[in-house]
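The structure appears below as structure tokens.
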Amino acid sequence: MPTLKIILGPTAVGKTDYAIALAREAGSPVVSCDSRQLFREMRIGTARPTEAQLAAVPHYFIADRSVTDGCTAGGYEIEALQLLDELFKTHRTVVMAGGSGLYIDALCNGLDDFPEADPELRARLSERLRTEGVAALRAELRILDPESYAAVDPANGQRIVRALEVTIATGRKYSSFKTHPAKSRPFTIEKTGLTRPRPELYARIDARVDQMMEEGLLDEVRSLLPYRGLPALNTVGYKELFGYLDGAYDLPEAVRLIKRNTRHYAKKQLTWWARDPSIRWIDLSSYPA
């Protein structure tokens, strides 16, 4: 049976270089599992692989669609399985790399049969999230679907938007869809998680944010102002700079918030994967930067 080797871990830990080295050794491409590197307009703020890294081995699901097209975990599951079916015809091993826990879970275990996204409804809810704040949407979710209200991270605005979207569009509670067992896959899955000591990881995050700003992240964000209501743009690095462009705070404060919120995101990623005993963890503290 062919093998899918998944390299996962928190943002800035070093997944890209590690996955490329493994892929070169295995004669494999790299299949990205990052919910934001999919979008070609989001180059700098998503830490997309460099041109040299992309040239080292073939990559998939990197900058292959517009933010206006969108993508869901369920859609990624379908597309990635179709791609793997083709790749496994010529490769016994395929390397996947990413930090999007929900997308990795979707590929490995399948998702419940949620309805397709309603772009107009999602855009309206996302705009409400921006203007009214997460508390207002949580209060509505509490009335419509108390089970989801209790289960969803109160700070995860995107998940609250999705729960409301499904509930409003279908007339069924979002929580009622989450009942199906894991789906079988026609390949073996090996998960390797990459870690570093917390101070080292945070230093790498801070350095990456500084580099992004030097590379022109502010101009990238400014170019995306017309699309700020789309779910893809409710992303660390973009939403803080939207706040700066709105005049909510100065640029140094925006940079500080990006660094802080990226650290919080890294902690959430690690918490997500802590529940998965199948992951083999590797400490990269001695691995080259």
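Please treat every number below as a calculation from the coordinates, not as lab data. The structure displayed is predicted, hence computed values, not measured ones. Positions of Cβ are backbone-derived with ideal geometry, glycine not excepted, and every protein chain shown enters the neighbour counts.
The residues packed around residue 66, meaning those with a beta-carbon under 10 Å from its beta-carbon, carry a net charge of -1 if Lys and Arg are +1 and Asp and Glu are -1. Mind running the shape call on the stretch 119-177? Use the C-alpha gyration tensor, a ≥ b ≥ c as the square roots of the eigenvalues: rounded below 1.5 for a/c, prolate if a/b tops b/c, oblate otherwise. Here the stretch 119-177 falls in the oblate category. Cross-link check: pairs 191/239; 183/239; 173/268 evaluated at a Cα-Cα cut-off of 28 Å; pairs beyond the cut-off: 191/239; 183/239.
Charge dipole (Cα centre; +1 on Lys/Arg Cβ, -1 on Asp/Glu Cβ; no other charges) of the stretch 145-289 amounts to roughly 740 debye. Look at where the Cα atoms of the stretch 131-180 and of the stretch 5-42 average out, and the two centres are 31 Å apart. Using a Gaussian network for the chain with springs between C-alpha atoms less than 10 Å apart, which of these wobbles most: 70, 14, 243? Of the options given, 243 has the highest mean-square fluctuation. Just the number, please: percent antiparallel of the DSSP beta bridges in the chain, rounded to the nearest 5. For the chain, the DSSP antiparallel bridge percentage is about 0. Near residue 3, once Lys and Arg are set to +1 and Asp and Glu to -1 for all other residues with Cβ below 15 Å from its Cβ, the sum equals +3. From least to most packed, judged by other beta carbons within 10 angstrom and beginning with the fewest, 264, 91 follow the order 264, 91. For the stretch 199-268, what class follows from the C-alpha gyration tensor (a ≥ b ≥ c being the square roots of its eigenvalues): rounded when a/c is under 1.5, otherwise prolate if a/b is larger than b/c, else oblate? Judged from the Cα gyration tensor, the stretch 199-268 comes out prolate (a/c at least 1.5, a/b above b/c). Dipole check for the chain: with +1 at the C-beta of Lys and Arg, -1 at the C-beta of Asp and Glu, and the Cα centre as origin, the magnitude is about 680 Debye. Pull out a ≥ b ≥ c, the square roots of the eigenvalues of the alpha-carbon gyration tensor of the chain, then state rounded if a/c is under 1.5, prolate if not and a/b is larger than b/c, and oblate in the remaining case. Judged from the Cα gyration tensor, the chain comes out oblate (a/c at least 1.5, b/c at or above a/b).
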